[in-house]
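The structure appears below as structure tokens.
Bear in mind these aren't lab numbers, they're just calculated from the coordinates by the rules spelled out. Remember, it's a predicted structure, so these values are computed and weren't measured experimentally. Here the Cβ is made from the backbone with ideal geometry for all residues, glycine too, and neighbour counts use every protein chain on show.
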Amino acid sequence: MNFHSVQFLAFLAAILPLFWLLANQRQPRNLLLLVGSYYFYGSYNVWFLSLLVYSTFLDWICGNRIHAARQAGDLSRARRFLWISLLGNLGVLGFFKYTDWALRSVAEGLGWLGVQFDPLAFTQAALPRFLLNEQMTGILIPIGISFYTFQTLSYTIDIYRGNLAPAKSFSDFALFVSFFPQLVAGPIVRAIDFLPQLEYRPRLGSERLREGLWRMNTGLLKKIAVADVLGQHLVDPVYADPGQYSTLVQLLALYGFAFQIYFDFSGYSDIAIGTAKLVGFDLTENFVTPYRSRSVREFWRRWHISLSSWVRDYIYFPLGGSRGGENRVRRNLLITMLVIGVWHGASLLWVLYGLLQGTTMIFERVFERLRGGKEFATNLPRSLLSWFLTFHFIVFSCLFIRARSWDQLVAMVTPSAGFGVEAIKVWAWWALAFGALSHFWPPAITEWFHRRFLRCPELLVGLLTGLVAGAVAWLVVGQTPYIYFQF
Amino acid sequence: MSDPGASTYDDPADGLSTAPVQRAAALRLFAWVFLGVAVGFAAFDRGVGLADAKQGADGGNRSIFTDERLGWLNRPHFENPDYQTRLDRFGLRSPEIPDDAPLDELRLAGFGASNVYGAGGALQPWCWNYKLETLVRSRVPAARVHNGGVMAYSALQSCRLAASLLDALEPDLVMVLVSPSAQLMLDPSSAARFVRVAEGPGGLVPKDVVAGWPEFLHLPVARTHRFLNEWSALYRRQRAKFQVNDRRDESIQRWMVSRAPRPAAVEAMYQRTLEEFSALAEACRQRGVELRVGILVDVIQDSEKAWANYLRNNQLEGAPPLETPRREPIEVLREALEARGIACWDFFEEADKMGQDRRAYLMPDDAHWNEAGHLVLARGIFKRLEAEGLLETLRQRRAAKPRLRPYGEFPFDPEGS
């Protein structure tokens with residue numbers, strides 16, 4: 001059930017009135033959201049629900065035990081249950097996401113030793129059919145598993161650290177894990193931010209309603225009018241067969257994918273945040289015009305913020321963060337960015353992506369230290385240079401995200417004959433131009449539209465939303481999944 | 001007088017609060033918004049409808065019409081001067097059979113999808129059938145070659161169309177030209193695309209419209225479909241996109257015939273396609289018509305490089321395993337058809353030749369043949385006809401049993417759909 005589907009529209013149309021009818025009754029309204037969230041997740045694959053329920057039970061029990069142990073002053077017992085939570089969650093995530101990769105690596109290693117091992121045959125023989133994907137070419141990856149695994153881990157870790165008390169009821173906790181707007185592709189919500197919102201009655205002022213619809217509308221347009229158009233008319237064809245396109249088209253496809261993935265993912269986050277607002281919840285922001293960054297470190301403070309802040313708080317800081325010697329800080333940065341890379345996917349390309357980001361951040365630190373800790377981008381020309389270098393680094397590192405293999409990556413950076421751009425369809429030009437323009441124009445322009453929208457009467461807000469829905473129905477071609485679903 | 005859409009409820013405690021929620025006010029807000037959404041959507045829909053009407057998208061000269069069994073067919077007598085397209089009375093992209101056509105003339109008819117039709121901007125006289133007709137007439141002067149290609153057809157549809165036109169055309173040889181890809185081999189429809197939900201002319205609706213609904217709701221769902229189809233331009237456009245993009249699962253969109261185990265989602269469609277080949281073979285056998293299935297090769301298979309790219313980039317969309325040899329899909333399909341007693345022609349060599357210089361043989365869309373590409377196919381067919389001595393055999397057979405009429409009735413109703 002994608003956000004840009006009729007099914008989701010019908011789902012929302014059913015959930016919203018019911019929710020507000022039950023708004024003054026805590027248990028029924030939360031239960032309604034819980035049932036709705038399970039239905040939403042089950043619509044992708046009913047079998048996936050069992051993993052969600054497993055994760056919920058595991059962390060509910062572990063969270064309570066950790067809290068009880070802490071109160072009894074038994075920290076070793078608390079640590080034991082934290083380990084159970086970590087292993088139980090990461091074990092499942094690792095099995096589904098990384099087993100194929102591990103088996104392929106083993107096969108390659110054995111191949112060098114002259115031992116034949118077919119990882120696919122092994123997987124097919126060792127696992128039941130329902131654990132394999134439709135083509136039986138590997139293990140099925142449950143949608144959103146990386147997101148909710150990190151989300152539930154934050155719960156037990158925060159309880160262990162004494163920053164959070166366990167959820168008051170199992171259903172509260174289950175709703176935190178499964179809350180449908182952000183379940184399958186974030187933003188990754190922390191219990192410490194979400195659970196307190198369950199304690200209060202939801203509110204729906206007209207400003208909140210307008211804000212929610214503004215986020216949903218802009219998110220839908222980002223996805224359908226920019227991301228999908230770029231994917232269909234530029235990025236997918238060129239990546240499928242780079243050698244058939246001129247060097248200039250290959251280059252434009254690189255930029256195209258950078259904008260495609262931003263508009264796709266930030267579009268999803270906007271719809272999630274907007275939908276949550278309509279049922280009275282506030283979710284954390286996930287993007288702040290990341291391509292305006294003037295350093296890679298700044299980029300990661302603006303891109304997928306809920307993930308980067310998660311790894312910062314639960315990996316980078318525990319490793320020592322920026323404390324200690326410079327070598328230690330560099331190691332911490334590398335490990336943290338490697339985790340971000342591998343969180344996205346199981347392949348050498350993702351490992352390289354993480355290492356590339358980490359190495360560049362280290363380089364930035366070294367450069368800063370050489371300047372005695374003084375900032376480089378202190379005037380316009382330097383700011384522009386910093387931005388230019390950062391933006392192009394990000395665009396080219398996107399190659400590691402989009403390429404399905406090393407060969408494809410190499411093909412994309414191998415110059416072809418000519419510089420003709422006839423192969424690019426007019427729709428792709430529009431999407432690329434609008435994507436770049438709307439990202440780089442002064443934020444005051446977006447804010448101007450935003451403020452106008454917030455001042456509109458409800459009927460007009462609805463009318464504008466109807467026009468956006470019409471445009472989506474006009475542009476959409478089938479069920480185009482969000483890119484981050486695969487992570 | 002106050003603005004009817006103006007906010008009547010500004011919760012002072014927007015944010016976290018324990019005060020009771022003013023439910024009626026919240027629901028009133030939603031009611032205004034829903035009303036606005038309905039009006040906005042309808043306005044956009046109307047705008048699209050007007051634009052469509054202006055562009056003549058719903059004009060009389062439409063290239064296809066829908067049918068209960070086939071999904072869609074070429075509309076007889078459709079014309080598009082841009083591509084010198086002029087379909088005949090059967091919707092074939094070839095010249096009309098004249099009323100005084102010799103009753104013993106040799107007739108060859110080829111069926112398939114867009115490449116066979118001559119899509120991608122190929123002019124009608126460039127198409128393979130014109131080239132082949134010239135070649136065949138060098139051996140048998142009274143000969144005619146029909147082009148039964150239809151855009152976006154599956155093999156199942158091509159077989160059905162061929163079988164349906166056997167009595168009207170009375171061909172001597174039927175050729176169905178397919179590639180072993182998902183588009184050709186996996187027909188997403190379950191044979192008949194329509195289902196009857198009520199008596200009368202409006203009682204037929206496309207099967208997918210009511211699929212998944214309990215039977216007692218079929219009639220209201222069908223009525224809603226008809227209403228939307230009549231009044232909503234966006235709905236019509238979505239339906240059209242469905243027709244073109246079909247409803248195969250994403251995981252098998254780029255599937256291809258191979259020796260790898262077939263996913264469950266593939267099996268039923270694949271078997272249905274093979275059964276349709278058998279049904280066509282039986283229909284041809286009963287009428288004494290020769291049948292050949294020409295196995296073509298898509299551009300994804302026309303060179304080792306393209307094949308490796310396809311395998312590497314489409315594993316998630318159902319491509320065969322990475323180590324699959326380029327010829328394997330053709331061999332497997334050929335074996336499956338020959339096991340059913342159907343003779344095949346393998347056009348691997350022709351495709352390989354075109355793959356070495358696509359610009360010389362393909363239209364700018366890099367998918368469909370240009371005039372030189374159509375000529376390669378025509379020569380390939382002619383070579384095989386000669387090798388089997390089919391032209392002479394068929395000529396003698398027809399001379400011994402001439403037709404009783406130049407052509408028969410078109411078995412479909414373009415107006416009734």
Discussion item. Every residue in segment A:419-429 that is exposed (fewer than 12 other Cβ atoms within 10 Å of the Cβ) and either within 30 Å of A:SER347 (Cα to Cα) or within 13 Å of chain B (Cβ to nearest Cβ) (or both), please.
Written reply: A:GLU422
Worksheet item: Restricting to segment A:117-170, what's the tally of residues that are buried (at least 17 other Cβ atoms within 10 Å of the Cβ) and more than 14 Å from every other protein chain (Cβ to nearest Cβ)?
Response: 21
Discussion item. Taking the condition of being touching a Ser or Thr at 6+ places or on another chain (Cβ under 6 Å) and surrounded by fewer than 22 Cβ atoms within 10 Å (Cβ to Cβ), how many residues in segment B:265-314 meet it?
Written reply: 2
Worksheet, complete the sentence: For B:ASP52, the lone unmet condition from (1) within 14 Å of chain A (Cβ to nearest Cβ); (2) closer than 20 Å to B:GLU409 by Cβ is (2)
Worksheet entry | Options A:LEU437, A:LEU399: the member that is in contact with a Leu (Cβ under 7 Å, 6 or more places away or on another chain) and under 28 Å from A:ALA240 (Cβ atoms) | A:LEU399
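Conditions tested, residue by residue: (1) within 12 Å of chain A (Cβ to nearest Cβ); (2) of a type in the set (D, E, K, R).
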{"position": "B:VAL266", "(1), (2)": "yes, no"}
{"position": "B:PHE277", "(1), (2)": "no, no"}
{"position": "B:VAL293", "(1), (2)": "no, no"}
{"position": "B:ASN314", "(1), (2)": "yes, no"}
{"position": "B:ARG326", "(1), (2)": "no, yes"}
{"position": "B:GLU331", "(1), (2)": "no, yes"}
{"position": "B:GLU338", "(1), (2)": "no, yes"}
{"position": "B:GLU349", "(1), (2)": "no, yes"}
